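What follows is one structure encoded as structure tokens, with my remarks underneath.
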Amino acid sequence: MVDLESEVPPLPPRYRFRDLLLGDQGWQNDDRVQVEFYMNENTFKERLKLFFIKNQRSSLRIRLFNFSLKVLSCLLYIIRVLLDPPPQGNKWYHIFWVTRCLPLWGLQVSVALISLFETVLLGYLSYKGNIWEQILRIPFILEIINAVPFIISIFWPSLRNLFIPVFLNCWLAKHALENMINDLHRAIQRTQSAMFNQVLILISTLLCLIFTCICGIQHLERAGKKLTLFDSLYFCIVTFSTVGFGDVTPETALSKLFVVIMICVALVVLPIQFEQLAFLWMERQKSGGNYSRHRAQTEKHVVLCVSSLKIDLLMDFLNEFYAHPRLQDYYVVILCPTEIDVQVRRVLQIPMWSQRVIYLQGSALKDQDLLRAKMDDAEACFILSSRCEVDRTSSDHQTILRAWAVKDFAPNCPLYVQILKPENKFHIKFADHVVCEEEFKYAMLALNCICPATSTLITLLVHTSRGQEGQQSPEQWQKMYGRCSGNEVYHIIMEESTFFAEYEGKSFTYASFHAHKKFGVCLIGVRREDNKNILLNPGPRYIMNATDTCFYINITKEENSAFKNQDQLRRNNASRSFYHGPSRLPVHSIIASMGTVAIDLQDTSCRSASGPNLALPPEGSKETRRPSIAPVLEVADTSSIQTCDLLSDQSEDETTPDEDVSTNLEYAKGYPPYSPYIGSSPTFCHLLHEKIPVCCLRLDKSCQHNYYEDAKAYGFKNKLIIVAAETAGNGLYNFIVPLRAYYRPKKELNPIVLLLDNPLDDLLRCGVTFAANMVVVDKESTMSAEEDYMADAKTIVNVQTLFRLFSSLSIITELTHPANMRFMQFRAKDCYSLALSKLEKKERERGSNLAFMFRLPFAAGRVFSISMLDTLLYQSFVKDYMISITRLLLGLDTTPGSGFLCSMKITEDDLWIRTYARLYQKLCSSTGDIPIGIYRTESQKLRTSESQISISVEDWEDTKDSKEQSHHRNNHRNSTSSDQSDHPLLRRKSMQWARRLSRKVPKHSGKTAEKISQQRLNLYRRSERQELAELVKNRMKHLGLTTVGYDEMNDRQGTLSYILINPSPDTRLEVNDVVYLIRPDPLAYLPNSAPSRKSSICNTTGPDTREETQL
């Protein structure tokens, strides 16, 4: 290092510190040249130009001073006219000469000198080589006419009373005003609306025309009628307004000529100004203008950023956003880069929306457009992705950039972002609320396979409704279904609540059961004051605290509820009852009542080791009293809590020694070793001990490890779940994980088959004939179509083909547009479907946001649209917990101590429980489960007649004919069910019945002909099903597949299913009801000691216990 430093040459003399202090003149002998930049700005002219023209602020002051001088000169002219004595003598003398007092003359000369000097100076500074261009400008000519005579009168006193048209300075004032406005915009670095500038120019032009005409007529009429300024003003207003009374008219030829000239000028200038104003107005209508800064500071508003705004998206947002009472005074500013659509424009012109919705055409990536929307003052910003794009990744990229731009411009503005692909979610982790479409879509599709109609359950929960849908329908199921659809999730602090305050210090299950028993509300979760995590059904060990936030399901929130005691309810029970069916269910009002249902208590002795069950008590108990249910304890007894050992692989197979031992070693519980994308929530689930080779994942091709080429050859013990998708994207991870969650028994894990293409041969090979469910995901390549609603065409037709070929197959379909759900399982001549279509139109006319809810495929959970979950993002603005609760219900997030969604089925042996309230108590006292709803399936023959709905919709009153139609149609359903299609005797009888119908001559021949045509169509349909069955069987034989599974498929078209969310406590249970449960987290009750873990038995295991718990 020393050698290196010694090699460094010494600094030159001019760089020594001594030379810097003493000065060094050695640089003069250097060959370098010192260059000074911007020397032209140091000249006197450039400095003046910088002060008068280039500098925005100083130039603005000069313009304002010039404008003031011109206005002052016009005021001095008016003063001169008012002080001028009445003219006498030669009339032409008074046109050229006026009377001007000396002080007034002095002021006018001073103004003229200053104005002329300023004009000459600005002309000199603006000179660019062509002097005639400066001289021949109209402002310069007017300045010379108005200023030079006054300067001449200084040296020639006899010209002091010469008439000078000073009133023409109004045009110079107009010119100075325009320049001043431009400088003002440059000075404040803000672009004002061009509309404002054009309006200002139009008004100033009109004022200048009127002022010039007034002064000109008044002066020229000095030789005639000697009009005053007010008379001239009156004449000009009457003339320009085309009224023309004729009481004041010009007399002299010069004044008449002047009027003609002014009218011609007005006819030329004003239309040009109005045309420019109209053009700017049309452009403003397209771009939307600006959101007022004053309004932004005094009123609250939110901003909606979208790529393209469609009418359905707009109406969904507005209906859901303004459904909340506290948001009625909010403004909605829409920022969209495309021109406003015709339908959207028509909607925004409706008075209900025109006063609250403002459309701005602009980009969120431009600060100027964000400033127009006053993003920094907004209460929230909603950024939605365009799901109709072919390249959904590109759509996400645009959404990400918009989110970044808004966050950069307004860091304090809350962001509500919708993203399509889960792998892009981590780019917007800074957003306050994020909804990933594919995450929710696949999770709902997966839970639909385990808990039927989960998609419908979630959709109804996240939609705002008052529960008034279907109340005018004569059908019982539509009343119950529509009323229960009004239930939503609300929250309240426990100590502030009437519902839950009395349960402080009690267990969660105790509070949930008694709140439902007393008020009809369903407590589903809590959140500690010092914890941000929401716990769904934390279980009986959780003790309620006064500061806890309670989350409950009810028709309305507690703050909007009225409380009445039982005596009042009993007195008004008859007048309030809406249900008159066989079960005589009371109305599920805002506050439901337990009624008179008595719940007996049983001895709290130790339970058997077989785990929790809701089986019928022994025969001995039946003879003495009705079956009883254990009470729900205020504080959980640790000895009575049934724990489960989820980490032990032997718990499920201890009682089944006959099964293959290898199956016990096939699965292990743990977290997936790899995450398909950043931001996925780790889930404890079932895993294989060893990774399967990729070649073995092909179901239809054999490899060196196995020789199977179809699903039947694998010999799966459980039925398949087939997923028909276009690509195997990362979102499919959220479909697999809920089906492999750790709390699912290993015996019930269904094999999952991914079908990337669905020709008939591939469907048969993948085991469609013995599949439990088939999930059809909307294809991304079809989402972009010339007509928006045609995006679902391919999916709908393919599903209809599957429905015709495999009528009993449970098909769950995802669509892009909710309006296309009416085409699922479409039957053109089905009277009941047509009646439902009319009912949907009636509900839509009444303003319902859930008019599509009565469509049978949606009510049964067989179809849903992901766009219906857009309301989840909108609702989170008021309920910031809704996204978290929905993710917990769908299994997208797992919080320690939080429960999960599952289901159980009611059988014949379980009807001893009788009511939903007793079921609630039974579950809370045994397993700690919280029921939240019922999925009910009814036979088609149990429905009220199809014709009743048609009569109700069309306002017919012939009840006798409706009963006859109901009788005939019920017989028709029983005779044409597919399970009789292979019996020639039944077919022959039905043909004979049809012939008898054709020979019969009833009272109404038109209705009879319709019945006969309907019967013939059904007979033709059944023969068509037979032809399709033969086609499928022949194809299966050609592929070497057995037709046993297909022969056993039965047609289930004669049933309807619907959901009852948080039904009334007195609701009667029926056979085949599926009850939705929020089950406590089993890991929360794992004992610490190994012996107790071995002795405990999980509530989801055992020889006769399944996920659908037998009561």
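The values are calculated or read from the model by the stated rules, or taken from the named source; none is laboratory data. Just so it is clear, the structure is predicted and the values come from calculations on it, not from any experiment. Here the Cβ positions follow ideal geometry from the backbone for every residue, glycine too, while neighbour counts run over all protein chains shown. Calculation scope for accessible area: heavy atoms of the full protein, side chains included, ligands and nucleic acids excluded. Shrake-Rupley method; radii C 1.70, N 1.55, O 1.52, S 1.80 Å.
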Tell me, what is the Rg over Rh of the stretch 496-563, with Rh the Kirkwood radius over Cα pairs? 0.93
Send over the Kirkwood Rh of the stretch 213-366, from the inverse of the averaged 1/r over different Cα pairs, rounded to one decimal Å. 19.9 Å
Percent of accessible area on the stretch 397-522 owned by carbon and sulfur, 1.4 Å probe? 47 percent
Rounded to the nearest angstrom and ordered from largest down, what semi-axes does the equivalent ellipsoid of the stretch 670-727 get from its C-alpha gyration tensor (root of 5λ)? 25, 15, 14
Accessible area, probe 1.4 Å, largest first, for residues R293, R466: R466, R293
With every protein chain kept in place and a 1.4 Å probe, the residues Y671, Y481 fall, from largest accessible area down, as Y671, Y481
Let a ≥ b ≥ c be the square roots of the eigenvalues of the Cα gyration tensor of the stretch 391-440; is it rounded (a/c under 1.5), or, if not, prolate (a/b larger than b/c) or oblate? oblate
D396: accessible area at probe 1.4 Å, nearest 10 Å²? 0 Å²
If I histogram all Cα-Cα distances within the stretch 275-410 using bins 5 Å wide from 0, what percent of pairs lands in each bin? 2, 10, 20, 23, 22, 15, 6, 2, 0
Of 441-453, 248-260, 64-76, ordering from highest average Cβ density within 10 Å down gives 441-453, 64-76, 248-260
Solvent-accessible surface (1.4 angstrom probe) belonging to R528, in square angstrom, nearest 10: 80 Å²
Would you be so kind as to identify which of F684, Y667, H705 lies farthest towards the positive end of the dipole of the stretch 662-713, taking Lys and Arg as +1 and Asp and Glu as -1 on Cβ and the Cα centre as origin? F684
Quick check for me: using +1 on Lys/Arg Cβ and -1 on Asp/Glu Cβ, what's the dipole size of the stretch 59-162 about its Cα centre, in debye to the nearest 20? 120 debye
Net charge around N849, counting only other residues with Cβ within less than 15 Å of its Cβ (Lys, Arg = +1; Asp, Glu = -1)? -3
Net charge contributed by nearby residues that have their C-beta within less than 12 Å of H294 (K/R +1, D/E -1): +1
To the nearest 20 Debye, how big is the dipole of the stretch 354-498 about its Cα centre, given +1 on the beta carbon of each Lys and Arg and -1 on that of each Asp and Glu? 300 debye
Given N residues in the stretch 80-170, what is its alpha carbon radius of gyration divided by 2.2 N^0.38 Å? 1.26
Rounded to the nearest 10 Å², what accessible area does I1061 show when all protein chains are kept and the probe is 1.4 Å? 0 Å²
What accessible area per residue, rounded to a whole number of Å², is obtained for the stretch 91-191 using a probe radius of 1.4 Å? 57 Å²
Heavy-atom accessible area ranking, 1.4 Å probe, most first, across W156, W912: W156, W912
Could you point to the residue in S848, L869, L836 farthest towards the positive end of the stretch 835-882's charge dipole, with +1 and -1 charges on the Cβ of Lys/Arg and Asp/Glu respectively? L836
Loop trypsin sites (Lys or Arg not before Pro), the stretch 785-828 (other Cβ atoms within 10 Å of the site Cβ: 16 or fewer; DSSP): R827
Rank-order 113-126, 488-501 by packing density, defined as the average count of other C-beta atoms within 10 Å over each peptide's residues, highest first. 488-501, 113-126
With a ≥ b ≥ c the root eigenvalues of the C-alpha gyration tensor of the stretch 336-407, is it rounded (a/c under 1.5), prolate (a/b larger than b/c) or oblate? oblate
Quotient of Cα Rg and 2.2 N^0.38 Å for the stretch 802-872, N being how many residues it contains: 1.14
